[in-house]
Every structure is written in structure tokens, then in C-alpha cells.
1. Please name all residue pairs, on different chains or six or more residues apart, with Cβ atoms under 7 Å, provided the first residue is in the stretch A:421-434 and is in the same structural domain as A:Phe460 (by TED's automatic domain parsing) and closer than 10 Å to A:Leu463 by Cβ and the second residue is open to solvent by 30 Å² or more (accessible area, probe 1.4 Å) and of a type in the set (Gly, Ala, Ser).
2. If you check A:Lys438 against the conditions, is it within 14 Å of RNA strand B (Cβ to nearest atom), loosely packed, with under 14 Cβ neighbours inside 10 Å and at pLDDT below 95?
3. Pairs, please: C-beta under 9 Å, at least 6 apart or cross-chain, first residue at positive phi and in the stretch A:232-243, second open to solvent by 50 Å² or more (accessible area, probe 1.4 Å) and near RNA strand B (Cβ under 9 Å from one of its atoms)?
4. Only one of these conditions is not met by A:Ser337: (1) small (Gly, Ala, Ser); (2) more than 30 Å from A:Asp277 (Cβ to Cβ); (3) open to solvent by 20 Å² or more (accessible area, probe 1.4 Å). Which number is it?
5. Would you check which residues across the stretch A:180-192 are of a type outside the set (A, V, I, L, M, F, W, C) and near RNA strand B (Cβ under 9 Å from one of its atoms) and list them?
6. Quick one: in the stretch A:414-434, which of the residues that are of a type in the set (A, V, I, L, M, F, W, C) and farther than 15 Å from A:Thr470 by Cα is surrounded by the fewest Cβ atoms within 10 Å (Cβ to Cβ)?
7. With respect to A:Ser197, is the statement that it is away from RNA strand B (no atom under 12 Å from the Cβ) and open to solvent by 10 Å² or more (accessible area, probe 1.4 Å) true?
8. So which residues in the stretch A:389-408 are within 15 Å of A:Arg447 (Cβ to Cβ) and surrounded by 17 or more Cβ atoms within 10 Å (Cβ to Cβ)?
Amino acid sequence: MLRVRFAPSPTGFLHVGSARTFIFNWLYARHNRGTMVLRLDDTDVERNTEASMNSIFEGLRWLGLGWDEEYKQSERPALHRQIAHAIFQKGLAYRDFTPAHAGDSEKSGANQTWLFNPGMRELSRVESDRRASAGEPFALRFRVPRGTGDEIRFTDAVYGAQAKSADDIEDFALLRSDGMPTYHLASCADDIDLRISHIIRGQDHLSNTFKHVMIFEGAGAKPPQFAHLPLLVAPDGSKLSKRRHGPVVSVTTYRDAGFLPEAFINFLCLLGWSPKDNRENMTQQELIDAFSLEGINRANAVVNFKEPAATPEETFDPKALWLNAEHIRALPVEDLSSCLLPIVHEAGFEITVEKMLAITPLIRERIKLLRDVLTAADFFFVGQLPPYDPAELIPQKGDAAMALKVLTGAREILAQTEFKHDPLDQALRAAAQQMGIKAGQMFQPIRVAVCGRKNAPPLFETLAVLGRDTTLERIDEAIEKLQQLGN
RNA sequence: GGCGCUAUCGUCUAGGGGUUAGGACGGAAGAUUCUCAAUCUUCAAACCCGGGUUCGAUUCCCGGUAGCGCUACCA
């Protein structure tokens, strides 16, 4: 039975890199009809926060993929200690009574290769037991083979055969002096207990894997299959961090900006993985069907956002935006409409379900983000149009007089024409012909009068949705503006 | 410093001992259209450097360089 897990530690919001790791695990599980386990790796009591936990669940819920089993590492300390004890009993670990080095972890300093603390490895069992029972605090360290020429090996599904000399691996800690398990121990112990068959995680763990293999073997368990994912990095190649790169690294930013979860998932899948058949815009089912570990590549992938993002558009990778637009266009009108309605309501506009349903097809091909509905369809929502430059009313190769003539003419026609696409089309085109002007010259003043700007959805559909009353009102206002302009 | 990983258009990638090195996003130009968008067409744009192996390397090997990761009683 195939079992994979996603094991975030709740020390921050849900990161896009973590989201991708989750997605790859999920895809692999679903492709193979396996089990997806969510495990909160919360052994670092100091840094765990409730807020972070909520942010992770919030992000995962938005992705909408779900999982089959859920565990909390902090609820399983007995298991961790039991595995540590078993390793200790085999002589594969020893007590280290050296006090913890507080601020010693800084990257500065001599940068010497540290392998173990002197004297502790060789401590006799009798002596070690005596000091332990005297209450002296200790960390439990793995006794990595020294001078034996041993090589630790494993085969990574992405990076291939890996080997490292044991002489290059330090005696890493299993238990801290407060008795709490370290990440390495807790993670492996849980992976053993939960019978995880495939560990799919970020490449930052590739070098840790040698230690993990030793723990698995030390505990008498067969190591699972490992698959490491290339990292997601910023345009300058540095790793994504909230401090340096701001909200672009948080999943909720994408949600709040109006990404469709399926588009976001699609985008993340394309970072470091390829179906190898030139497909990019894919449905969830297509992703499940196509996903395989063989399609994962090894080089870090850049999330291509602009470092100082001037506009919301620049905040995101252009490809993410494009994919989102593609997914928006692929959505049935009813579905898209119900995604849009809450956003419109939240912005304070009272719009009915029916009205939104009528507006949606008009803006569907004009928005990249769901939130764009607020700028693309604004004139449908407001009673009073925001002020605009009356000069906009003047058509190409025309003047204010022409604009005025068009609008007064249009007013008359619109007062009696049926407010549907075809009748409006015929009536207004006929009027243009009669006035001896181009259709475009006829339509622009009306469009600006009614929408408050030059760029808007097609005119007749817009008028039909807007209705006769609003249309005539706005044309009257425009005529007034033009007359004032003349004076 | 030590150890490990990586290197194809600006970005995501396909490919692979002999190719016009393919696709996509983004960019440019054009078509279409009542504007915008969508759509369609076209164009520009890449194999990190140096050795070796070979008839032939972007592809295989070695070295360099650069980037990234690990080097905590963080995860």
C-alpha cells in the first residue's frame, strides 16, 4: 500500500513551496490510489504558534485537495522516545553531557567541521548510566561510524544514486537535553510508525537523508523511497522568504488576489515538473493521470515575480496569471458567477444573483484574477458613475458637436428600442449610417457615457444588462457634460 | 571552510552523440473587431566556460566557474 505524507512545521504561514510539496504528494497518492497523510511536525514548542497552524489549514482548505489521515507529532512523544531508546540499546547512540551551545550556531566563526564532542562518544556505559541517574542532563546522539570507510547510500527517485562517507556526517542529536525528540528522530520515527512508503519533500532535505537512512536502519526499519523536489526560488536565485520577498510567498495571498485554486495548483505543478508532452493548461484529473516522479526535474525553479511589485499584476508570475485567466475562461458561467458574487458583495455592492449571472459572460474574457471583476464591471455595480473626462466622449476623428449629436440621437433611439442585442445593434448601426458616420464613432460616445471609460465590454450586451433606465440616465448626464464643455 | 546538489531562450520547460534545439508565458509586429479583451498568424530570443572521449559533442567523462542546500540539543 502506497502511503505518502505532508509534514509541515507550524512556524509560519503556508508557504508556496510547502503547498507545492503538498500537491506533489497528493498527486502521487491519487495517481496510485494510495493514502495521503497530513502530519503536523510540531516538536519545536518554542516556535510553534496557533496562528501558524490556522494559516496552514486555511491554505490547505483553500487548495481543496484534502487528505486521508491526520496526526500531530506532539501527541506521539512516547513513540519517539521508544525508537530513540531502541537505537540506544543497540549501542548506536550515546549520551552527550556537554551543555548545549546557545548562540553558537551562527554562520560566523571558524566554520570548522564539527563531528562530535570530545570524550562523550567513548564514555563507558557504567559511567554514562551513573551520570544520567545522578540527574545530569544530556542529549542523545547517534554514534556515526568513524574511520571504517562506511558509506551511507540510498537511491533518490529524482536525484538518483546518492552516497556519502560516514566520516563526513556529524554525530547528530536524537533527543535534546530536555528529553524532546529532534526533528530527525521524530520525523523518522513517525514515518516508520505510519508506514510511509514514499517521502516526497524539498531538496533542502537531500543531505539530511543520509542521517535519516541511518535512523531507519538503526531502528531496524527499511528506509522508504525518497524523492526530493527542486526548490522554488526568487528571481535573484535566493530562496523565497517572507522577510525578503513579502506576501508573494504565502498561499493566502494568491487566494485573496483572486486565484482559482485549480489554477494555482496547475501553476505550481509546472514548477519543477513536466508532463513532457507540451501540455500546460491542465485539469485536476489530467494532472493526476499525468503525474509521475520521473517527470520531476532537478534544478531549482524561479517564481518570476517583480521584486518591487508596483501593481498587483506584477506581484505574480505572468504564467500564473495566464493560467488563472485560462481556468477562469474554462469555468461554466454559473460557477464563475458564484465565485465572483461574494467578492462583489464584500466590496459593498448590492447585486443579485441574476444580475451577476448576466454580467459574468461580459467580463469572463477580460479578467485575469477574480478580483478584477471590481474594475472590469464596476459600472454595473454603481448607481452613479465616478467622474470621467468629458473629452473621452468625443469619437475618433470627431468633435464635441459630433459627440453631442450622437448622444442626442442615441437617446431618442434607445428610448424606444427593445433592450436586446440584435435590435440595439440594428437600430444604432442604422442611425450611424443615417448620420453619415462610422459605427465606431457612433459607439464610442455611448460606451463612455454608459461605462465611464473607453475600454469596456461589447456595447449592445452591456446596454442590455444595464437596462433602459440606467442607460438613458447616463446618456443625459453625458449630454450635460458635453454642453458644459462647450460653454 | 567541509560535504552534497544543480546548470537549455528573460522565466517555466522538452529533447538528446549528427536536430532548422521543440513548446509555453512574457515581448514585438500583423489580422479580426464597435473599444478593450479573447482568438489567429508571424518574428526576436537559449544549450555557463575549458579540456578530454569520438569521425562528430549542447548531450558522455573530468576540471573550472556560478547558484543553491546541509554543516543546530530549528524544521
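1. A:His421/A:Ala464; A:Leu424/A:Ala464
2. The answer is no for A:Lys438.
3. A:Gly237/A:Asn300; A:Gly237/A:Val302
4. It fails just one condition, (3).
5. A:Pro181, A:Thr182, A:Tyr183, A:His184, A:Ser187
6. So the residue we want is A:Ala430.
7. So A:Ser197 passes the test.
8. A:Pro390, A:Glu392, A:Leu393, A:Ile394, A:Pro395, A:Gly398, A:Met402, A:Ala403, A:Val406, A:Leu407, listed by residue number.
The values are calculated or read from the model by the stated rules, or taken from the named source; none is laboratory data. These numbers come from a predicted model, not from an experiment. In this analysis, Cβ positions are derived from the backbone assuming ideal geometry, glycine residues included, and neighbour counts consider all displayed protein chains. Each accessible area value is taken on the protein alone, full model and side chains, heavy atoms only, with ligands, DNA and RNA left out. Shrake-Rupley method; radii C 1.70, N 1.55, O 1.52, S 1.80 Å.
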